[in-house]
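In what follows, a single structure is set out as structure tokens and then discussed.
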Amino acid sequence: MDPVAAKYIGAGLAAIGMGVAAVGVGAIFGNFLSGALRNPSAADGQFGRAFIGAALAEGLGIFAFLVAIILLFVK
Amino acid sequence: MTPHDPKDLEARLASLKSGLEAHKATDQRQNEAAAPKAENMGQAMSLGIRVLSEFVAAIIVGGLMGWQFDTWLGTAPVLLLLFLLLGIIAGFWNVYRIAAAPAKPEIKPDSTGHKTKE
Amino acid sequence: MSAEAAPAIDPIHQFNIVRFGEPFHIGGVDASFTNASLFMVIVLGLISALMIIGTSSKAVVPGRIQSLAEMSYEFVANTVRSAAGDAGMRFFPLVFSLFMFVFFANMLGLVPYTFTVTSQIIVTFALAALVILTVLVYGFYKHGTHFLHLFVPSGVPAALMPFIVLIEVISFVSRPISLSVRLFANMLAGHITLKVFGGFITMMIGAGAIGVVAAALPMAAIVALTAFELLVAFLQAYVFTILTCVYLNDAIHPGH
């Protein structure tokens with residue numbers, strides 16, 4: 001297979017990682033909401049922690065995106 | 001003979017209370033400065049962005065340092081992998097410091113002059 | 001009415017650097033006056049105008065501009081004191097300049113037809129490098145090699161020590177990178193999103209009568225996004241400032 005074509009296919013596969021990261025972020029906020037519905041008064045204090053967890057999950061998705069970009073644009 | 005005079009207890013309670021308030025004030029001030037509590041959407045988002053950028057930056061710095069040392073010393077991807085791993089650990093360490101920062105309050109004498117030791 | 005093809009949405013065009021006048025080199029480096037330089041000068045002019053006019057009347061009960069100047073001073077002073085203690089006030093001019101520059105530059109970028117200075121990675125990297133160099137130079141000047149105890153937390157078994165020191169060094173070097181990339185990415189993403197939605201509006205209007213009505217949706221989105229970007233402009237300046245104070249505190253009181 002032509003190496004350039006292989007790179008493009010690899011970049012496409014690496015970008016699937018962002019979809020998985022989206023699942024992770026959604027799981028975090030889903031759990032936060034279900035907990036917040038049970039105990040609304042404590043929800044506001046923990047809202048920051050929900051964003052910290054979301055940032056960590058999103059960070060790994062960004063690495064998948066970085067791999068795709070490196071495959072596409074770095075000779 | 002009453003072992004505990006009620007007025008004595010009252011005085012001790014009042015002094016303990018004021019000492020506790022002083023500690024809580026410095027503790028809260030330092031906590032708020034170092035790790036901002038997310039009270040509303042904007043602060044929560046800024047906290048999230050801060051965590052994201054520190055996490056990603058630590059891993060990227062680890063990767064770049066490992067790659068540079070590899071190029072200088074000629075070793076194969078060993079150093080790159082090692083520094084990448086260290087960068088990941090450093091990223092989690094940074095996030096831990098932001099999220100659960102154990103702010104050590106300085107042990108100051110409280111208003112009654114007692115230096116409470118922890 | 002769509003006789004010509006709708007122009008492609010080009011959100012990157014706003015970040016082009018345009019040189020004014022002739023090229024001007026200092027020692028091989030291109031130091032000519034560009035639109036970025038122009039907007040930095042405008043930011044400086046606005047800050048100076050605010051502070052100079054604000055403090056010129058010296059009234060005990062402040063008027064509007066004077067109270068703006070006083071509020072900005074107090075806000076930054078409280079931030080410095082709470083993060084770095086009273087010893088940190090010696091860095092107050094630096095921190096105040098950084099906060100005002102970043103805040104005004106972010107805000108100025110939201111005015112139409114302006115250039116956002118802080119959406120260039122080199123500008124934010126220069127600011128972050130300034131902060132870290134100040135931390136390093138002051139730390140070594142004040143504490144000598146004791147400053148390196150910053151990298152050696154207490155209570156760690158000696159076998160793990162090399163790894164812990166390497167991890168601390170990596171996390172220290174990652175600080176300027178995270179400072180600069182955070183500000184740059186926020187400004188870049190915000191402005192690109194604004195331009196993309198603007199492009200949607202023109203595309204929809206070019207698509208006929210239904211398009212004109214439907215173009216109200218991206219218009220509402222741009223209004224909401226601009227409000228959000230105002231908040232982000234202030235928040236990013238505040239986060240930059242408070243992290244600067246925390247890093248300076250590490251230089252003043254090293255060692256965990």
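Taken together, the values in this text are just the output of simple stated rules run on the coordinates, not laboratory data. Keep in mind the model is a prediction, meaning the values are calculated, not measured. Reconstructed Cβ throughout: ideal geometry from the backbone, glycine too, with neighbour counts over all protein chains shown.
The table below gives the values:
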| quantity | calculated |
| --- | --- |
| Residue order, fewest to most surrounding Cβ atoms within 10 angstrom, among A:LEU71, B:LEU20 | B:LEU20, A:LEU71 |
| Cα radius of gyration and Dmax for chain C (Å) | 22.9, 76 |
| As computed over the protein assembly as shown, the Cα convex hull volume per residue (Å³) | 285 Å³ |
| Efficiency of FRET from Cβ geometry, B:ALA100 and C:VAL223, R₀ 35 Å, rounded to 0.05 | 0.35 |
| Cα-based convex hull, the range A:3-73, per residue volume (Å³, whole number) | 52 Å³ |
| Residue exposure sequence - C:HIS146, C:HIS191, B:HIS23 - by fewest surrounding Cβ within 10 Å | C:HIS146, B:HIS23, C:HIS191 |
| Max mean-square fluctuation residue, GNM over chain C, Cα-Cα springs under 10 Å, options C:THR193, C:THR226, C:THR145 | C:THR145 |
| Cα-based equivalent ellipsoid, the range B:40-102: semi-axes from gyration tensor eigenvalues, Å | 30, 11, 6 |
| Distance from the range C:23-70 to the range C:143-207 (C-alpha centre basis), Å | 28 Å |
| Sorted by Cβ neighbour density within 10 Å, fewest at the top, the residues A:GLU58, B:GLU10 | B:GLU10, A:GLU58 |
| Inter-chain shielding of C:184-195 (mean C-beta neighbours from other protein chains, 10 Å cut-off) | 1 |
| Projected area averaged over orientations for the range C:145-256, convex hull of C-alpha atoms, nm² | 9.6 nm² |
| Segments B:86-97, B:63-74 sorted - mean Cβ within 10 Å per residue, highest first | B:86-97, B:63-74 |
| Top of C:SER57, C:SER119, C:SER97 by mean-square fluctuation, Gaussian network on chain C, Cα under 10 Å | C:SER57 |
| Lysine pairs within the protein assembly as shown, Cα separation less than 16 Å, 8 or more sequence positions apart or different chains | 13 |
| Within a Gaussian network of chain A (alpha carbon springs, distance under 10 Å), most fluctuating of A:GLY61, A:GLY24, A:GLY45 | A:GLY45 |
